[in-house]
Amino acid sequence: MMGMLGDIYSVFWLDLRVLRRHWMSLIATSLVLPLLYLVAFGYGLGRGMAVDGFPYLSFVIPGIVALTAFSISFNGAASKLQVDKMYYKSFDELLMSPVSSYAIIIGKALIGMVRGAISAVAIYAVGLILAPSMLISPLFFLILLLSCFVFALFGVLIAFIVSSHHGMSNFSTLVILPMTFLCGTFFSLNQLPAVAKGVLYFLPLTHSTELLRSILLDLPFPWLSFAGLLIFGVVFFIGCKVALRRSSV
Amino acid sequence: MIDCIYTENLCKEYGSVKAINNLNLSVRKGEIFGFLGPNGAGKTTTIRVLTTLTRPTSGRVSVGGYDVVTEPAKVKKEIGVVQQHLSLDRDLTALENMEFHARIQHLSSSERKKRIAELLEYIELADCANQLIDALSGGMKKKVAIACSLLHAPKLLFLDEPTVGLDAQTRRRLWDFVRRLNKDGTTIFLTTHYIEEAEVLCDRVGIMHHGQLIAVDTPTGLREKVGSTVVEILTDNKETHYQFFANREAANDYVKGLSSEAKTVIIRESNLEDVFIEQTGEKVGDQ
């Protein structure tokens, strides 16, 4: 077990080192889009509106926190891994080392989780200034970390599967972008027909948004979404393991 | 002699393309073995199979006495690999890259410190240890990559096209470095498409063509098989023909009897390029 933890840290260590070298630019750039969403949707379009009985700003901030966790964790894990795998071939060094595939998957996901959590917490802090009625709760941080880890695993899986820059770009346009706008970040899923709502529950961001919103707005805890997020995590992890098994001996 | 690498009817297919076609090969402990062939001959695919990166389609393959397919973890402990592409992390320094490789090779903290210091001295780059990889020259980067692969003191080192992109002077320095490694006990398996590299560096050379091993011997042995002297004849229609002879006297006699159609005639000692031409009818650089 200690050997496995050591291996996970060894894989994580490299990406952590890179993060330490470029932390300012990486975090600053990751905050631009969520802050624009916050201003455009929270202050611009949503001023004076109420959704599900809450002021729109209070409603949308948890969604933007979840969205930030999703996009930064996914890209934080996927982008460097894809470059290392396809262009620099440095990922092969890990495959040729005695480090286990479990340690590679978890170690590579951890950097996405850390980057996603830092950015999401920064947006949450801005949100607290704009909407002080939101709760500060340890459960929020736990669910945020879980969400970030699941999304980072998703990023690792896609980096393993997609074998070209073009393919990654297509995946972002066809899957990531629709998730950004459809998973309850900016509007309540209660406004949708039951069929559409059902379909959106097959996307991981929907569950993370529901969980974080329920915690920050003091709503009943959505256990179904918690289970959903866990299931997505297990599915992504198994997918990573299968993809890694196919790519080497 | 113990075989460090052994393959029996090894095949690797990508769809209908046979990248490796029934490869039977043995590399002995302590030698520098060179895999010579043009781009696309199957050299890199063979290295990928031997280093556990690619699963073979069929056949047997063992490295360091362990089966690559059933015992990959044991194989990984025996080998060091320097890939054709520089697989160092460009966002890190030379020292950090070495630290990372030492960590994933399970070296303890004290071992890491000791081996990194030793190897930085060995590659004569201790002064550049804290420079980012991109700040180093091509030859320095290659040395760092080799040092990374040596941290766990592997018995067998794979070098895939080690001198591609390096100038002549750096290339020769790197050859000296590889010889020194071999002298210190490391078996070397290298691929190259440089004739001179295979001739001056390798104890034995295997020639690959379209995924098949078409000849294996010492560089001298390979040359003697085709003839140690070659006559190169450039005709009026700008075609070059090659004739091989056991010695220079026989070559001279042949040239005396040539018709006036031969525009230019060169008599010289044969090299591994000639061996490749004789075996395949093509030049290494034609592929």
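Of everything in region B:204-242 that is of a type in the set (A, V, I, L, M, F, W, C) and within 22 Å of B:Ile267 (Cβ to Cβ), the residue that is modelled with the lowest pLDDT is B:Leu234.
If you check B:Leu190, B:Leu156, which single one turns out to be within 14 Å of chain A (Cβ to nearest Cβ) and at pLDDT 90 or above?
On the way: B:Leu190 fails: within 14 Å of chain A (Cβ to nearest Cβ).
Being within 14 Å of chain A (Cβ to nearest Cβ) and at pLDDT 90 or above holds for just one of B:Leu190, B:Leu156, which is B:Leu156.
Taking the criterion of being part of a helix (DSSP H, G or I), under 22 Å from B:Gln279 (Cα atoms) and not basic (Lys, Arg), the residues of region B:231-252 that qualify are B:Ala250, B:Ala251. Taken over region A:69-95, residues that are touching a helix residue (DSSP H, G or I) at 6+ places or on another chain (Cβ under 8 Å) and β-branched (Val, Ile, Thr) amount to 1. Of all residues in region A:138-168, those satisfying the criterion of being surrounded by fewer than 24 Cβ atoms within 10 Å (Cβ to Cβ) and either in contact with a strand residue (DSSP E or B) (Cβ under 9 Å, 6 or more places away or on another chain) or among the polar types (S, T, N, Q) (or both) are A:Ser163, A:Ser164.
Let's see how each residue does on (1) in a helix (DSSP H, G or I); (2) at pLDDT below 90; (3) under 22 Å from the mean Cα position of the chain (by Cα):
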site	(1), (2), (3)
A:Phe59	yes, no, yes
A:Ile64	yes, no, yes
A:Leu67	yes, no, yes
A:Ala78	yes, no, yes
A:Lys89	no, yes, no
A:Gly116	yes, no, yes
A:Ile129	yes, yes, no
A:Ala152	yes, no, yes
A:Gly155	yes, no, yes
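Scanning region B:134-142 turns up no residue that is facing another protein chain (nearest Cβ under 9 Å) and buried (at least 16 other Cβ atoms within 10 Å of the Cβ). Within region B:139-166, residues that are under 15 Å from B:Ile79 (Cβ atoms) reach partners that are aromatic (Phe, Trp, Tyr) and buried (at least 24 other Cβ atoms within 10 Å of the Cβ) with beta carbons closer than 7 Å, at six or more positions or on different chains, in the pairs B:Leu156/B:Phe189; B:Phe158/B:Phe189. Remark: A:Ser247 falls outside the filter, which requires a residue to be among the hydroxyl-bearing types (Ser, Thr, Tyr) and at pLDDT 95 or above.
On inspection, A:Asp84 fails the criterion of being touching a Ser or Thr at 6+ places or on another chain (Cβ under 6 Å) and surrounded by fewer than 21 Cβ atoms within 10 Å (Cβ to Cβ). Total residues in region B:13-58 satisfying the condition of being buried (at least 23 other Cβ atoms within 10 Å of the Cβ), basic (Lys, Arg) and over 22 Å from B:Gly221 (Cβ atoms): the figure is 1.
So, A:Thr29, is that one within 15 Å of the chain's Cα centre (by Cα), more than 14 Å from chain B (Cβ to nearest Cβ) and of a type in the set (Ser, Thr, Tyr) or not?
no
With respect to (1) part of a helix (DSSP H, G or I); (2) at pLDDT below 85, the lone exception for B:Val255 is condition (2). The set of residues from region A:97-127 being within 12 Å of chain B (Cβ to nearest Cβ), surrounded by fewer than 24 Cβ atoms within 10 Å (Cβ to Cβ) and not small (Gly, Ala, Ser) comprises just one member, A:Pro98.
State which residue is farthest from A:Leu16 (Cα to Cα) when the search covers only region A:106-153 and only residues that are among the polar types (S, T, N, Q) and touching a Ser or Thr at 6+ places or on another chain (Cβ under 8 Å). The residue in question is A:Ser133.
Filtering region A:51-81 to residues that are touching a strand residue (DSSP E or B) at 6+ places or on another chain (Cβ under 7 Å) and surrounded by 24 or more Cβ atoms within 10 Å (Cβ to Cβ) leaves only A:Phe59.
Being among the charged types (D, E, K, R), part of a helix (DSSP H, G or I) and within 28 Å of the chain's Cα centre (by Cα) is a property that B:Glu96 has. Pick out, from region B:18-92, the strands (runs of 3 or more DSSP E) lying fully within it that include 3 or more residues that are facing chain A (nearest Cβ under 10 Å). The qualifying strands (runs of 3 or more DSSP E) are B:79-82. So for region B:180-203 (the condition being without any contact (Cβ under 8 Å) to a residue 40 or more places away in the chain and either of a type in the set (Gly, Ala, Ser) or on the phi > 0 side of the Ramachandran plot (or both)), does at least one residue qualify? No; the residues of region B:180-203 include none that is without any contact (Cβ under 8 Å) to a residue 40 or more places away in the chain and either of a type in the set (Gly, Ala, Ser) or on the phi > 0 side of the Ramachandran plot (or both).
Have a look at B:Glu8, B:Glu99 and point out the one that is away from every other protein chain (no Cβ under 14 Å) and at pLDDT 95 or above. Just a single option satisfies the conditions, and that option is B:Glu8.
The values are calculated or read from the model by the stated rules, or taken from the named source; none is laboratory data. Not measured: the values here are computed from a predicted model. In this analysis, Cβ positions are derived from the backbone assuming ideal geometry, glycine residues included, and neighbour counts consider all displayed protein chains.
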